[in-house]
Amino acid sequence: MKVEQISVFLENKAGRLAEVTRVLGEAGINIRALSLADTTDFGILRLIVDQYDRAREVLKDKGFTVGKTEVVAVEVPDRPGGLGLVLQILAASGVNVEYMYAFVQHSGKNAVIIFRFDNLEQAIDLLQKEGIYIYKGEEVYRL
Amino acid sequence: MIRDVEHEAMPREDLEALQLRRLQAVVERVYHLVPFYRRRMDEMGVKPGHIRTLEDIRLLPLTVKQDLRDNYPFGMFAAPMDQIVRLHASSGTTGKPTPVAYTQRDLETWAELMARSLAAGGAHRGDIVHVSYGYGLFTGGLGVHYGAERLGAAVIPVSGGQTRRQIMLIQDFGPTVICCTPSFALYLAEVGQEMGVDFAKTKLRVGVLGAEPWTEGMRAEIEKRLSLDALDIYGLSEILGPGVAVECLEAKAGLHMFEDHFLPEIINPTTLEPLAPGETGELVITTLTKEAFPLLRYRTRDLTSLNYAPCICGRTMARISRFQGRSDDMLIIRGVNVFPSQIESVLMETPGVAPHYQLIVDRDGQLDTLEVQVEVDEGAFSDEVKQLQALAQGIQRKIKDYFTVSVKVKLVEPQSIPRSEGKAKRVIDKRPH
């Protein structure tokens, strides 16, 4: 039910992001989804890739600081109010969303949104009880 | 282990008597052989005969680096060239280097004191000593080299650079002792880690590290990563080179100065008044036995304090505390004195930041700014911005609390701060002068 996300520490310097994508590209790793959080000094690049272990290895080899986070991939109906529905379920139980970003790819008629929660188990539980589909890791990497 | 019990563990009373005899002799010598000292002493109305007690040293002139420059190149030598067998020079970062000279007896003394230093770290005949200090005009390499040979140890004179090759030699030749700068020791650890080397499996037992100030935190890091005991050694080319003072393995608490050859004082660097034992100030050293290049009351610019308390190792020689910086390394940021070593000590007690840092001093309008660049390692990295910002702010707050100076902490990628293979360059001062 959990998806492994790679995060990479980036200094705000020209070419750093390009370097990450180049390293991954050369290793034949496909980026499935990404988000970039930035501050004036540094950024955190968060990635879902098709080969987690390999990506981690090649990035570490190139000297990047790499972290691993477990996130949740949630199926969200691609229509007005779709995301709102999911967020309301979580808000009602006090689960906090640390951050979220959308998958580039659709899954059928639905959008896929990546969530980082403060309480991951509780969030999965709540959403599943409401009949919301949570993707398995393998499904996401292959999406 | 004490190599020379007779001298290193001499009762203080006897030691002071020996120091006085030697001080009187060196003052006599420089008065007659070095025109610079004769002129100074005449101006002050001091004659060699005025030195009747050790306290009378305060009658003598202080010597500063500029005096050596003014007498460039050989004006301070107290021996003719036919008695001099070696020249070295200080790493003059500004302008010309400062040459120093040694007679055959000076070299013997140096080798002996360096052998004492290695012995203080437990080194002995049968050990293999890996010397990564630079060989050449810099006193580090050759100084340690001859001391290790004097001790009867085998020397690997590898000098600086070629880090990966050095690690290969450490694995294959099995040195038990390593001598280098603390920043190079850390760099070895880091490159070794990249190469997948487990230093616990090498034969390294002790590191005798010096030539730059470092902190207890850095010691802990080096000891853990290289799996050895790390000891601080002190020396400066003007006084001798490495082997002026060293920590003992037993206490690791301050560096024993070889007082039978050097007479230390601590002075207030501003008023030049003497300070009491335990008080921190500038270290001033008089060489008691040097023939070719004797110096009276040389201002080292190194800030430390003297401790005359007996040591568990049995040495009676006074200890200088771990250096708190150099009076000329001191940064004045908006009127507050800051030493790089103070910032380092804050970083070392912050989990998750690598022991590599750089201080960037600049000026924004009329205001000095200090940026502390710190590498983020995996332990501290988070996928959440707020956590990383909290890390940076935590360091900022600590520095502010301890030293009342506001800094900006910038987290940078690993390996982005240049690594040193010699002395680390900790400060980049971009302020217009």
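Values in this text are rule-based calculations from the coordinates and carry no lab data. The shown structure was predicted, so the numbers you read here are calculated from the model rather than taken from an experiment. So basically every Cβ, Gly included, is an ideal-geometry build from the backbone, and we count neighbours across all protein chains shown.
Only beta bridges with both residues in the protein assembly as shown are counted; by DSSP, about 75 percent of them are antiparallel. Each distinct pair of alpha carbons in the range A:71-142 adds a 1/r term; the inverse of their mean, the Kirkwood radius, is 12.2 Å. The alpha-carbon positions of the range B:193-278 define a convex hull whose volume is 150 Å³ per residue. Counting, for every residue in B:376-389, the Cβ atoms of other protein chains within 10 Å of its Cβ and taking the mean gives 6.
Applying the criteria of a DSSP loop state and at most 15 other Cβ atoms within 10 Å to the trypsin sites (Lys or Arg not before Pro) of the range B:281-362 yields B:Arg334. In the calculated pair-distance distribution of chain B, the portion above 31 angstrom amounts to 42 percent of the Cα-Cα pairs. Could you tell me whether the range B:278-342 comes out rounded, prolate or oblate from its Cα gyration tensor? Rule is a ≥ b ≥ c as square roots of the eigenvalues, rounded for a/c under 1.5, then prolate if a/b exceeds b/c, otherwise oblate. Cα axes put the range B:278-342 in the oblate bin. Taking each of A:Lys13/B:Lys400; B:Lys203/B:Lys224; B:Lys96/B:Lys290; A:Lys60/B:Lys203 in turn, the alpha-carbon distance tops 21 angstrom for A:Lys13/B:Lys400; B:Lys96/B:Lys290; A:Lys60/B:Lys203. Multiplying each eigenvalue of the alpha-carbon gyration tensor of the range B:46-101 by 5 and taking the square root yields semi-axes of 27, 16, 9 Å, largest first, rounded to whole angstroms. Can you give me the angle between helix B:35-44 and the longest principal axis of chain B, using Cα atoms only, in degrees from 0 to 90, rounded to the nearest 10? Tilt relative to chain B: about 80 degrees. The ranking of B:Phe403, B:Phe77 from fewest to most other beta carbons within 10 Å of each one's beta carbon is B:Phe403, B:Phe77. Compared with the dominant Cα axis of chain B, that is its longest principal axis, helix B:104-120 is turned about 40°.
Take each residue in A:38-46, count the other chain C-beta atoms within 10 Å of its C-beta, and the mean is 4. Could you tell me which residue out of A:Gly25, B:Gly75, B:Gly147 lies farthest along the dipole of the protein assembly as shown toward its positive end? Charges go on the beta carbon: Lys and Arg +1, Asp and Glu -1, centred on the Cα centre. So the residue we want is B:Gly75. Report ³J(HN,Hα) in whole Hz for each residue of the range B:398-414, in order, from the Karplus equation J = 6.51 cos²θ - 1.76 cosθ + 1.60 where θ = phi - 60°; Gly and Pro get x. Once rounded to whole Hz, the list reads 4, 5, 4, 5, 6, 10, 6, 10, 8, 10, 10, 9, 10, 7, 10, 5, x.
Label 7 Å along Cα→Cβ of A:Ala27; the range A:52-73 residues with amide nitrogen under 13 Å? Inside the label zone: A:52-68.
Cα-based values for the range A:3-69, radius of gyration first and Dmax second, are 10.9, 31 Å. Could you check which residue among B:Pro355, B:Pro182, B:Pro274 shows the biggest mean-square fluctuation in a GNM of chain B with a 10 Å Cα cutoff? Sorting by GNM fluctuation, first place goes to B:Pro274.
Scattering from the range A:101-143 was approximated by placing one identical point on each alpha carbon and applying the Debye formula without solvent; log10 I(q)/I(0) at 0.19, 0.20, 0.21, 0.22 1/Å stands at -0.64, -0.71, -0.78, -0.85. In straight-distance terms, cross-link reach from A:Lys129 covers every one of the lysines whose alpha-carbon lies under 26 Å from its own, apart from those fewer than eight places away in the same chain; here that gives A:Lys2, A:Lys109.
Within the P(r) computed for the protein assembly as shown, what percentage of the Cα pairs occupies the region above 38 Å? Tail fraction, whole percent: 43. For the range B:374-390, the Karplus equation 6.51 cos²θ - 1.76 cosθ + 1.60, evaluated at θ = phi - 60°, returns couplings of 10, 7, 9, 9, 4, x, 9, 5, 9, 7, 9, 4, 5, 5, 5, 5, 5 Hz by residue, with Gly and Pro reported as x. Springs between Cα atoms under 10 Å define the GNM used for chain B, and in it the highest mean-square fluctuation of B:Asp401, B:Asp232, B:Asp302 occurs at B:Asp401. In this structure, the amide hydrogen of A:Arg32, modeled 1.01 Å from its nitrogen in the peptide plane, lies closer than 5 angstrom to those of A:Ile48, A:Val49, A:Asp50, counting only residues at least 5 positions away or on a different chain. Cα-based values for the range B:71-167, radius of gyration first and Dmax second, are 15.1, 44 Å.
Under 5 Å between amide hydrogens, built in the peptide plane, is the criterion, and for B:Asp302 it picks out B:Leu283, B:Ser327 among residues at least 5 positions away or on other chains.
Principal-axis analysis of the Cα atoms of chain B puts helix B:12-33 at an angle of about 70° to the longest axis.
If you wrap the Cα atoms of the range B:331-429 in a convex hull and average its projected area over all directions, you get 6.5 nm². When you filter the GluC sites (Glu not before Pro) in the range B:270-335 for DSSP loop state and at most 16 other Cβ atoms inside 10 Å of their Cβ, you are left with B:Glu279. How long are the semi-axes of the ellipsoid equivalent to the range B:1-147, from square roots of 5 times the Cα gyration tensor eigenvalues, in whole Å, largest first? Largest first, the range B:1-147 gives 30, 24, 12 Å. Size descriptors for the range B:252-315, from the alpha-carbon set: Rg then Dmax equal 12.4, 35 Å. Fully extending the segment from B:Ser321 to B:Arg86 would add 81.5 nm, taking 0.36 nm per residue of separation and subtracting the current Cα-Cα distance. Convex hull volume of the Cα atoms of chain A, normalised per residue: 115 Å³. Of all DSSP bridge pairs formed entirely within the range B:1-328, close to 65 percent run antiparallel. Distant-in-sequence amide contacts of B:Asp429, defined by a placed amide H-H separation under 5 Å and a gap of 5 or more residues or a different chain, comprise B:Val361.
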